[in-house]
Structure formats: structure tokens, C-alpha cells
Amino acid sequence: MAPACASSSDGCRWSHLFEPVGIHHVADFLPTSVIEGCRSPAYLASRRMRDLQMTVGSSSYGLKDFRLREKICFPFGIYDVVDESISVYHIAANNLSISSSQEHHVLTSNGPISVAVYGDLEKPALLTYPDIALNHMSCFQGLFFCPEAASLLLHNFCIYHISPPGHELGAAPISSDEPVLSVDQLVDQVAEVVNFFGLGSVMCFGVTAGAYILTLFAVKDRVMGLILVSPLCKAPSWSEWLYSKIVSNLLYFYGMCGLVKDYLLQRYFSKEVRGNSQLPDSDIVQACRSLLDEKQSANVWRFLRSVNGRYDLTEALKKLHCRTLIFVGEDSPFHSEAIHMASKLDKRFCALVEVQACGSVVTEEQPHAMLIPMEYFLMGYGLCRPSQLSYSPRSPLSPLCISPELLSPESMGVKLKPIKTRVSP
């Protein structure tokens, strides 16, 4: 029997959100249009439905009745937003349980910083840090919307999503009187967040500029492992410095104009998903373009300035002995930098995964390509996904789909060889 859904105050009915199908995961019972919308970064900001009451009354779906005052699709499900606190309802019918999350504003010695916390506080901590002009909802949403990835990470970690200063949803412009932070000061903010929550050794998960910040943090502080996506590790090249300088000037004088958005989208995504004169942008690129419109250009300008002032970590990488898993899209403008970083790390503790036909933000463009490597990386720490997780025939985590190249036993528990992978559509 199809679940019953009440009408919203404007007469719109939402019964089409849930279909009477045999389900095991969120992706199995949400229609494709809704899945793509939820995975699109701008969906969470642009598709708010206020005063919507939805009642789901089908025991076969394993769902309880719930009410939404403000409905937004975020990484792990559908959120009920009240003031600054957020309660998340995991609607993966068989696997994820109902839990809560909270947005914290931590006052550090270098200014306030926003941290969104998800999961069981008693579990080990996983810190995330996004790329320029992104936050955790636009940089990690695609990955965490994969039911297997969400269950794997939430089963083993409490997630602490750190937003760069002024990059959180609804952020106000940072005063022009405040100095632009250096990368070392951004790292100090991360350290103060760790101290604020009383965390011990943490796992870190960063994308591009965020990967640089967390790598520098790992060199200085207590980190048990790194998951890096298209990481930066060297000082900007002359071409990158020049492009960033031009974009900084455009941001400063014209705000988030079309040229700035084009530059950022080329930074994030491969040409396969970006449009051209014959083809429009893909849904994910269109959504990201819309989300960039809502960013405070002054705050993006500040973070871009910080990242453009970074220094070379090549020598410091020799001091880094935590296990490191590196993903990089073959079409990423930072592909060669990721290869360089992997070559400088101790090969006993480092694994490189190159993702074909993908840009820098693998977490959004091809998140399924990350699932198997992450699972085997975490096995090195004795971590695994919940045993009750049902396999989907389409799941890339199905045992029948595991590549023999991933099964070479080394010091990581299971050594991930440098491989090239592409997930079939």
C-alpha cells in the first residue's frame, strides 16, 4: 500500500515522493528526480517548503510519522530546521536510525567558525573541510546521500563538518576590518575546534583547499588518518596564482559574477558535466551555479586569498606517517599535484585512486567511485560497515564487484594499489 501524504498549506501534494516499491535503501524508494535534486548542492537552499506536514503511515516501509516545519534535503535525509538547531531524520528504511545533529558556532582566537555535528558523540571523530566557496552540504552531500557510504561512515564515526569562515548556510559578510587569515591560522581554528569538543586523535576528510588545510593540520597535530580528494600540497603555480588574483579582483569589485562562477565550476567539475555551446550544464552543475549565487562574495574572496597564500608542504609530508587515502579526478586541474603528493608520502601508508572522467570534487561528481576504496581503507583501522546492511544489486560494494587489485595485504591492513576506476552508470 502506498504511504499517505498530507497536502501542504498551498495545496501541493507530496505523495509522489514515496513510491510503493521493494526498498532496501533511500535510493530505492525515492524517484530519480528527487534523488538528483537531493544530490544537487543548491537543492538544499533553493527548494524550501514551509509549513509542510507529511505523514507516512506504512509499516512496510519501516518509517514513523514525522512532521516538517521547514523541509530541506541535506546529506543524510530530510531535516526539520528550527532556529539554529537541526534535527535530521534518517529515512533509510532498514539501515540508518533516527538521530540528531546540531550546528555549533565555535569562537576561536581567529574568529568564529561553524561546525555541524552528526551522529553519536561517543564514536571516533571524522572532521571534514570543503573547497573554496563550498560547505559540507554542497561538497559532501553527494557522497553521504549514497546509503552505503552514509551507513559506513555514520556506523563508525561522529561527523564534524567544519565550514571555512563565512561559508556556512546563511552566513553574514565578514567585516572588512577583520584581517584575512593565513592557512596556518585556518589550521589553528581546526585545532581549537578539536579542543572545543574534547576530541582525541581524529580522522580527517578534505577536498582540494580543505585537503590542504587538513594535511597541514595532520603535520602539526593529532590525526589517525587522512582521506583527501584532489588535494593541494604545493604553493600555487604562476598560472594558478594569476588566475586566482584575477578572480579575487572580480570578487572584490563585482561579486559572484558569471566569470567567477565559471572559474569555480571548472575547478570543481569535469568537462563531461559542464555545458558547452551545444549542451546545457548537467543538473549538478546548474545546481552548484545557483548555490554560488547565494554565497557572500566577500567571504569567498577572503578564503581564496588565504588559499592563494599557501606554501609548499613537500618537505613536511616526510613527517606525515598517518595512513592516507587520496582520490583525484583525472580531469581535475590539480591532478598532477595529487600525484606529486602521493609520490612524496611513505608508500607503506598511502594509497592513490584516480577516477576517470571526473573533476576535483569527486564527492559530488562520482561519489560511488569512493565507496570500495574507503571501505578497505577503514578496514586497516578495524572499522567496517554495519553487518545488517542489505546489498543492493546495483551497489558497488557488492562482494562480486570487488577488484582483486584492492586485496593486496600490506601494512594498511589492506593495501590499496594505485588504480584507475570508473563507475558504470
Select from region 320-375 the residues that are polar (S, T, N, Q) and not in a helix (DSSP H, G or I) and write down the one among them that is surrounded by the most Cβ atoms within 10 Å (Cβ to Cβ). Ser360
Hey, can you tell me all the residues within region 137-162 that are acidic (Asp, Glu) and outside any helix (DSSP H, G or I)? none
Any chance region 160-173 includes a residue that's buried (at least 23 other Cβ atoms within 10 Å of the Cβ) and among the aliphatic types (A, V, I, L, M)? yes
Restricted to region 100-129, and to residues that are in contact (Cβ under 8 Å) with a residue 60 or more places away in the chain, crowded, with 21+ Cβ neighbours inside 10 Å and over 29 Å from Ser175 (Cβ atoms), which residue is farthest from the chain's Cα centre (by Cα)? Ala125
Checked Ala149, Ala133, Ala172, Ala125 against criteria (out of contact with any Leu (no Cβ under 9 Å at 6 or more places or on another chain) and assigned by TED's automatic domain parsing to the domain that holds Ala235); the one match is Ala172
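Residues checked against (1) in contact with a Lys or Arg (Cβ under 7 Å, 6 or more places away or on another chain); (2) without any contact (Cβ under 8 Å) to a residue 60 or more places away in the chain; (3) of a type in the set (Phe, Trp, Tyr); (4) not assigned by TED's automatic domain parsing to the domain that holds Asn249:
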| residue | (1), (2), (3), (4) |
| --- | --- |
| Phe269 | no, no, yes, no |
| Asn276 | no, yes, no, no |
| Leu304 | no, no, no, no |
| Glu315 | no, yes, no, no |
| Lys319 | no, no, no, no |
| Leu325 | no, no, no, no |
Checking the condition on the phi > 0 side of the Ramachandran plot, out of contact with any Pro (no Cβ under 8 Å at 6 or more places or on another chain) and either β-branched (Val, Ile, Thr) or surrounded by 14 or more Cβ atoms within 10 Å (Cβ to Cβ) (or both), which residue from Gly275, Gly255 passes? Gly255
Of a type outside the set (A, V, I, L, M, F, W, C) and under 17 Å from His105 (Cβ atoms): does that describe Pro236? no
Considering every residue within region 234-253, establish whether at least one is assigned by TED's automatic domain parsing to the domain that holds Leu121 and within 22 Å of the chain's Cα centre (by Cα). no
With Val260, Val300, Val247 as the choices, which residue is in contact (Cβ under 8 Å) with a residue 60 or more places away in the chain and either of a type outside the set (Ser, Thr, Tyr) or surrounded by 16 or more Cβ atoms within 10 Å (Cβ to Cβ) (or both)? Val300
If you go through region 227-235 one residue at a time, do you hit one that is closer than 20 Å to Ser248 by Cα and buried (at least 23 other Cβ atoms within 10 Å of the Cβ)? yes
Considering region 328-354 alone, what residues qualify as being among the hydroxyl-bearing types (Ser, Thr, Tyr), out of contact with any helix residue (DSSP H, G or I) (no Cβ under 8 Å at 6 or more places or on another chain) and under 18 Å from Gly210 (Cα atoms)? Ser336
Pro165: touching a strand residue (DSSP E or B) at 6+ places or on another chain (Cβ under 7 Å), in a loop (DSSP other than H, G, I, E, B) and either touching a residue at least 12 places away in the same chain (Cβ under 8 Å) or not basic (Lys, Arg) (or both), yes or no? yes
Criterion: among the aromatic types (Phe, Trp, Tyr) and part of a loop (DSSP other than H, G, I, E, B) - qualifying residue of Tyr311, Tyr263: Tyr311
Filter region 170-193 down to residues that are part of a loop (DSSP other than H, G, I, E, B) and among the aliphatic types (A, V, I, L, M), then give me how many there are. 5
Those residues of region 276-319 which are more than 18 Å from the chain's Cα centre (by Cα), modelled with pLDDT of 90 or more and farther than 30 Å from Ser176 by Cα, in sequence order: Thr314, Glu315, Ala316, Leu317
Taking the conditions exactly as written (among the charged types (D, E, K, R) and buried (at least 17 other Cβ atoms within 10 Å of the Cβ)), does Arg222 satisfy them or not? no
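The values are calculated or read from the model by the stated rules, or taken from the named source; none is laboratory data. All values reported here derive from a predicted model rather than from experimental measurement. Glycine also receives a Cβ, built like all others from the backbone with ideal geometry; neighbour counts cover every protein chain displayed.
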